[in-house]
Each structure stands twice: as C-alpha cells, then as structure tokens.
Amino acid sequence: MGDKGPIVVTLRQRLAREGDLPADQGIGSTFDAEVMKAVKRFQMRHGLPESGAVRRRTLEALNVPALTRHRQLVASTQRLMGSRFPFGERHVVVNIPSATVEAVESGQVARRYVAVVGKPDRPSPVVETRITAINLNPTWTVPVSLIKKDIIPQVRKDPDYLAKMKIRILDAKGQEVDPRTLDWTTNNAVNYTLRQDPGVMNSLGQIRIDMPNKEAVFLHDTPSKRLFAQDARFFSSGCVRVANVRDFVEWLLRGTAAPNGAWTQTSIDAAIGTTARQDIRLEKPVPVAWVYLTGYAMPDGTAHFRDDIYGLDTPEADPDPEGQGFDVPATSSIVPRRL
C-alpha cells in the first residue's frame, strides 16, 4: 500500500483490462486501496490467497497470456461436451484443478470443501457416477500399484513399517502372513492382500464415501489434515480427501434414516466412536462428477482460472498460434436427466 512507480501504472492497466479494477481507476501510479481490492479480486478468481499483495504466484498469474486463458476456457468446455451427468436437485462436483468439493442443491452451491487431489504423476481421473454409501471405520486394502511404489520400498528401509502402520498381510484364504516370511528384495508382496486396520492412522481416515466406478477411486477422510492448509493441494494417489468430511457426510445422509432419527454430526461421531465397521446405504444415491475445469465462469459471467496441473490444456502442437480459429461448441447438450 502506498507504493508508486511505473510498475503500478502497468498493474492498474492490467487489472482494468479484465474488469478487476473499474475502468475509471485504470490510470494512476499509486498502489492505493482500490488497487489492493482489485488484486484481491484477481487472486480470488485464480484460486490464490487473497492477500492483496503482488508476490510471485500472483505475478505469474498476471503474466499468463490471454491466448493461454482462452485455450483453458476452450479445453474445459470441450471436456464437458457429450457429458450425460444427471444434474439433479442434489449432486456433488469435484473440480480437480481447484482441489475443491461442492455440494449442490437447487442449482446453488450449498457447501464447499477444501480437498486434496491426485499428484501430477498419479492424477485423479474424470469420473461420473453416484455416491451410494458411507463407510465408517473402514479398512484400507492397498492397491497393487501402491504396494509396488510405496509399501515395498518402505519395508526395505524399515522392516517394522507394516506393524507401525497396522497393515496386515493376508493370503488367498484370508489367513494372516508374517511379513518376515516374505522376500522384500522382490515384488512378491503383490501376490498378497495388504489391509490396514481401521482407526485414526488408517490412510482413509475414519470415513470412506463409496461411489462405484471403473477407476476404483472414491472420496474419504484422512489422518494428514495439515495438507488442507496448503495453497496447492495435489498430494494424493488419485482418490480425493475431503476437509470437514463429517459435515459433508451429514449433507449426503440427509433423508437417510439413522437408528435414532436423522443423521447428524453427533450421531456420526458416536458411530465412529464404537470403532466398529459400519456401512450406511444412502436412501437415494447422490450423483457425483469429478471434472477437470481450468477455466470456467460464474453465474454473473466472471471468469475463473486454475493451474493446468496435469497439462491437459496444452495441445502437442498448436495449430492456430494466433487463436483465431477456435470454435467453442455450445454447452446446451449438457442437460439434466433422470437417474
């Protein structure tokens, strides 16, 4: 605040171009309250901390060319084309680049949650399905890919790793196997089932949200809640971790009978407190879509952008470097349909 100079002149012009700063404020050389307000608006539209200060990440976003932003809008629109997602009275949308989960009802976002999504080398997939059940105190069966990438290297470094993480090894008959009988210099562990006991250390946390799909991904709690405080939240192996997951589950269970009436956060906590595995089937499944939108508009037409973390927006070869030939198809083909 109060800085002056030619850089501020350029910043004012830049913020006015996209409407973050009123057009009549686009001229001047002082970083005043109006400029700070405009910077915060720009930061909000780009998923950045709303500090009002132009530091590295904000400067990088300001310097993204308009053609790149145009490409993000085009690519995001094209990824939605042909979708048959049943937008209904109640549904859930996970936007992977935003790392957010939105509970939508009556066309409005009723609740929004910070999320942790897949890292670039283990991306979260685009999925359209239905949430059918809530699993309390779940076990976690380690996928074969993670046994190879994570478990075997960890056991090689620390033979007691499985015991510390409360992960059991089961054979084809479901009998527990002593880890010391396996040769960890090989990948033989993939021939067994590795299952983590329920509890606060479980990689799924204390809640798993079941949404059957061919990608075998789902939403869940996590013991690593510190990651929700990060600005960039791309740390998972493909599944989506949800902050304040009990509040989200309470919304999902609306209309599903509980032992003593309706499900509340108190009754959910009580059920978890028993430490017993419990599966609650939703009375009416809730549609859920995982989407990859790096550019999108709000109802008032305000454009929002997010980093293309998986590099899906950039074509192998840009056939139209001047951006004159893009034909953005209408999105009217994305229509509601009954479950």
Checklist entry - Does the stretch 252-270 hold any residues that are closer than 16 Å to H220 by Cβ and in a helix (DSSP H, G or I), and which are they? => result L252, I268
Next on the checklist: Against the condition within 16 Å of the chain's Cα centre (by Cα) and either touching a residue at least 40 places away in the same chain (Cβ under 8 Å) or open to solvent by less than 60 Å² (accessible area, probe 1.4 Å) (or both), how does S98 come out, does it pass?
Outcome noted: yes
Item to check | For A243: the one exception among (1) surrounded by fewer than 17 Cβ atoms within 10 Å (Cβ to Cβ); (2) touching a Phe, Trp or Tyr at 6+ places or on another chain (Cβ under 7 Å); (3) not polar (S, T, N, Q) | outcome: (1)
Checklist outcome for this item: Residue hits (the stretch 35-65; over 18 Å from T302 (Cβ atoms), open to solvent by 60 Å² or more (accessible area, probe 1.4 Å) and part of a helix (DSSP H, G or I)) are R56, R57, L59, E60
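A quick yes/no check of all residues on (1) of a type in the set (D, E); (2) part of a helix (DSSP H, G or I); (3) more than 30 Å from R90 (Cα to Cα); (4) open to solvent by 70 Å² or more (accessible area, probe 1.4 Å):
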| position | (1), (2), (3), (4) |
| --- | --- |
| R130 | no, no, no, yes |
| L146 | no, yes, yes, no |
| I151 | no, yes, yes, no |
| R156 | no, yes, yes, yes |
| I169 | no, no, yes, no |
| A189 | no, yes, yes, no |
| L194 | no, no, yes, no |
Checklist entry - Yes or no: A163 loosely packed, with under 15 Cβ neighbours inside 10 Å, outside any loop (DSSP other than H, G, I, E, B) and either small (G, A, S) or at pLDDT 95 or above (or both)? => result yes
Item to check | Residue among V9, V93, V74, V104 that is outside any loop (DSSP other than H, G, I, E, B), under 30 Å from E128 (Cα atoms) and free of Cβ contacts under 8 Å to residues at least 24 places away in the same chain | outcome: V104
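The values are calculated or read from the model by the stated rules, or taken from the named source; none is laboratory data. From a predicted model like this one, the values you see are computed outputs, not experimental measurements. Neighbour counts are summed over all protein chains in view; Cβ atoms, including those assigned to glycine, are modelled from backbone coordinates with ideal geometry. When the accessible area is computed, the model is the full protein with side chains, heavy atoms only, and any ligands, DNA or RNA have been set aside. Shrake-Rupley method; radii C 1.70, N 1.55, O 1.52, S 1.80 Å.
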